[in-house]
Structure formats: structure tokens, C-alpha cells
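Taking it in order: structure first as C-alpha cells, then the write-up.
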């Protein structure tokens, strides 16, 4: 879990993804649509991707991707992000994290 903590440190938005996952792509596109520039880690393209995926699963991320951190805080997967978006709570979260300014 220390590796995840270091990967999300000092970044407003971090998404753990797989290049073949359409939900990961959708969450990244949604967050970018508000003007944020998330840091995206494609686990299937990383040498230590399986280790990171195991750590995400241990944190309770089910499924392991997409996993979104906003303001160095674990937010959740696609269902949680869409729920926040529908309730108009995603943009304020992004603003508070310094990911967007408007």
C-alpha cells in the first residue's frame, strides 16, 4: 500500500486503469471533461502492475480498475464516480483537490 500512497502523493487526481478497460476510459474522459488532467496509471502496461493491482484489491477496490483517488483520498470505482457526478458532488471534489479552478 505504500507504493500506492507514493503514487497518489501530491497529485490532485490519480486513476488506476487498464488500457483495455472501457470503464476506465470512460472515467478518465469524464474527469477530463471538467478540465482536470488526471494522472493515469495503466496497470497492464507497468512492470509492477500486478503488485499494484493486488494492493488495490487489499484496499477494498472491487473490481481493481478503475480506481480513482481525488486529493490523495481513495474515492472509489466507476459506480462511485458516476454517483458523485449525478448528485453534482464530483466537481466540488475536483475543485477542493485543486484539479480544476472554475
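Any read-out appearing in this document is the output of simple, stated calculations on the displayed coordinates, not a laboratory observation. Quick caveat, the model's predicted, so the values are computed rather than measured. Please note: Cβ atoms are built from the backbone with ideal geometry, for glycine as well, and neighbour counts cover all protein chains shown.
Can you give the helix-only mean residue ellipticity at 222 nm for the chain, where every DSSP H stretch with n ≥ 4 adds -39500 (n - 2.57) and the sum goes over all residues, rounded to the nearest 500 deg cm²/dmol?
Working: 5 runs with 45 residues, N = 102.
Rounded to the nearest 500, the figure is -12500 deg cm²/dmol.
Within a 10 angstrom radius of the beta carbon, how do 79, 18, 95 rank from fewest other beta carbons to most? Write out the running numbers ahead of the final one.
Details: 79 9, 18 20, 95 15.
Fewest-to-most ranking of 79, 18, 95: 79, 95, 18.
Please report the antiparallel percentage of the DSSP beta bridges confined to the chain, to the nearest 5.
So the antiparallel bridges amount to about 65 percent of the total.
Sort 39, 67 by Cβ crowding within 10 Å, fewest neighbours at the top. Show your work: numbers first, answer last.
On the way: 39 13, 67 31.
Result, fewest neighbours first: 39, 67.
Given 37 °C and 0.692 mPa s, compute D for the chain with the Stokes-Einstein relation, Rh being the Kirkwood radius over Cα pairs; round to the nearest whole µm²/s. Kindly include the intermediate steps, with their values, before the conclusion.
Working: Rh = 13.4 Å.
So the translational diffusion coefficient is about 245 µm²/s.
Given 0.36 nm per residue, what is the gain on full extension from residue 32 to residue 9 after removing their alpha carbon distance, in nm? Each step should come with its number before you reach the end.
Working: separation 23, 0.36 × 23 = 8.28 nm, distance 1.95 nm.
Once the chain is fully extended between residue 32 and residue 9, it gains 6.3 nm.
For helix 49-58, what angle does its Cα long axis make with the longest principal axis of the chain, in degrees from 0 to 90 and rounded to 10?
Once rounded, one gets 70 degrees.
With 10 angstrom as the radius, rank 34, 16, 69 by how many other C-beta atoms surround their C-beta, starting from the fewest. Please report the intermediate quantities before stating the final value.
Numbers: 34 15, 16 27, 69 23.
Exposure proxy ranking, most exposed first: 34, 69, 16.
Kindly express, to the nearest 10 degrees and within the range 0 to 90, the angle between helix 22-33's C-alpha long axis and the longest C-alpha principal axis of the chain.
The angle comes out at about 40 degrees.
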